[in-house]
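A short write-up of the structure that comes next.
The values are calculated or read from the model by the stated rules, or taken from the named source; none is laboratory data. Keep in mind that this is a model prediction, so the values were computed, not measured. Using ideal geometry, Cβ is built from the backbone for each residue, glycine included, and neighbour counts are taken over all protein chains shown. For accessibility, only protein heavy atoms count, side chains too; no ligands or nucleic acids. Shrake-Rupley method; radii C 1.70, N 1.55, O 1.52, S 1.80 Å.
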Amino acid sequence: MSLGLRSAYYSLGEHTLSVPAALFTLNRQRLVERLRKDTKVNSSSLVLLQGGSETTRYCSDVGPVFRQESFFHWAFGVLEPDCYGAIRVEDGRAYLFVPRLPDEYAVWLGKIPKLEEYQHRYQVDEVHFVDEIAKKFTEIQPATLLTLNGINSDSKKKSVEAEFEGIKTFNVDNSVLHKEISECRVIKTDMELAVLRYTNDISSKAHIDVMRKCRPGMTEYQCESIFMNYCYYNGGCRHVSYTCICASGGNGAILHYGHAGAPNDKLIRDGDICSFDMGAEYYCYASDITCSFPANGKFTDDQKIVYNSVLKANRAVFNAMKPG
């Protein structure tokens, strides 16, 4: 059997973490429980989420490796692009809608799963094709479709609001869902915490591997490569959480160094401090770790003063932290 999500869990081999589909079932239950407490929400309403769309690089037929839209992933854990998902507020019944792909697509994509295979894989109640959304919703007759409409507080970009052919025949409310689902995502379940611990453990070990192998005379991107290889080879983490920041020397003062105009390409010199901010991502759950260390393995007296001062402040914060 091939690896990945081919049963009711996600795993990339015995050396990686197995994530049960029950994680997403529980997330959906938590969401509808919150919505049922809102007196403005009719219990026969449907939550409607649109998954990420597969794109290509400009006008070419080459695309980046697809990564699922985060809200959709949180609710369904679906790997494939161009899907939709609906959840009935009354009882949490889950509907997944997948693209109807021509048989010849199997030449490029491999075996195309049957609807019942999607249903078992993602542990939802029903699976239909995307072109059947309007028909299925007409059968269900929801009081309202609750769609996503909100602003990411970091990027200031707007979330993707679900649209499909025929949506205008239904009553749509986009004022409720974003706040409620965002509040759900703030508090992690035990199953989610297990995935976060895994990604942070892999990332921590990858940073240690970088420290062991880093030497003056290497380029910053070689350290980036060591990190990414460790995370993927040992942890099954195909994606990183953000562009790796491998800053050495004065580049450490640039907050988002590593972008296309400054692609981690400086030569690491003897005496440089390396400030590396890198984190792996596993099944859309992220880590974010920053480490600072001397490239040659030994702090100068001045570097030691700064490092120990920051370390002392860091430990003080950790000791002061508590719930509430």
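Here are the numbers:
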read-out: Matching residues in segment 143-168 - criterion: being in contact with a helix residue (DSSP H, G or I) (Cβ under 7 Å, 6 or more places away or on another chain) and either free of Cβ contacts under 8 Å to residues at least 60 places away in the same chain or β-branched (Val, Ile, Thr) (or both); value: Thr147, Asn149, Gly150, Glu165, Gly166
read-out: Residue match in segment 224-243 (condition: open to solvent by less than 30 Å² (accessible area, probe 1.4 Å), within 25 Å of the chain's Cα centre (by Cα) and under 24 Å from Thr300 (Cα atoms)); value: no
read-out: Cross-chain or 6+ apart pairs with Cβ under 7 Å, segment 30-47 first and under 22 Å from Lys136 (Cβ atoms) and modelled with pLDDT of 95 or more, then open to solvent by 100 Å² or more (accessible area, probe 1.4 Å) and not in a helix (DSSP H, G or I); value: Ser43/Glu90; Ser44/Glu90
read-out: Enumeration of residues in segment 96-108 that are touching a helix residue (DSSP H, G or I) at 6+ places or on another chain (Cβ under 7 Å) and open to solvent by less than 90 Å² (accessible area, probe 1.4 Å); value: Leu96, Phe97, Val98, Pro99
read-out: Tally of residues being assigned to a loop (DSSP other than H, G, I, E, B) and surrounded by 12 or more Cβ atoms within 10 Å (Cβ to Cβ) across segment 55-79; value: 7
read-out: Sole residue being open to solvent by less than 80 Å² (accessible area, probe 1.4 Å) and either farther than 27 Å from Cys237 by Cα or in contact with a Lys or Arg (Cβ under 9 Å, 6 or more places away or on another chain) (or both), chosen from Ile187, Ile140; value: Ile140
read-out: Residues (farther than 28 Å from Glu69 by Cβ, free of Cβ contacts under 8 Å to residues at least 24 places away in the same chain and open to solvent by 40 Å² or more (accessible area, probe 1.4 Å)) located in segment 244-270; value: Gly250, Ala253, Ile254
read-out: Helices (runs of 4 or more DSSP H) contained entirely in segment 88-141, each with at least 1 residues that are over 23 Å from the mean Cα position of the chain (by Cα) and within 22 Å of Val32 (Cβ to Cβ); value: 133-140
read-out: Residue match in segment 20-39 (condition: open to solvent by 60 Å² or more (accessible area, probe 1.4 Å), within 26 Å of Cys231 (Cβ to Cβ) and part of a loop (DSSP other than H, G, I, E, B)); value: no
read-out: Elements of type strands (runs of 3 or more DSSP E) in segment 251-322, at least 3 residues being of a type outside the set (Ser, Thr, Tyr) and closer than 18 Å to Cys223 by Cα; value: 273-278, 289-294
read-out: Filter result (polar (S, T, N, Q) and open to solvent by 50 Å² or more (accessible area, probe 1.4 Å)) within segment 150-184; value: Asn152, Ser153, Ser155, Thr169, Asn171, Asn174, Ser175
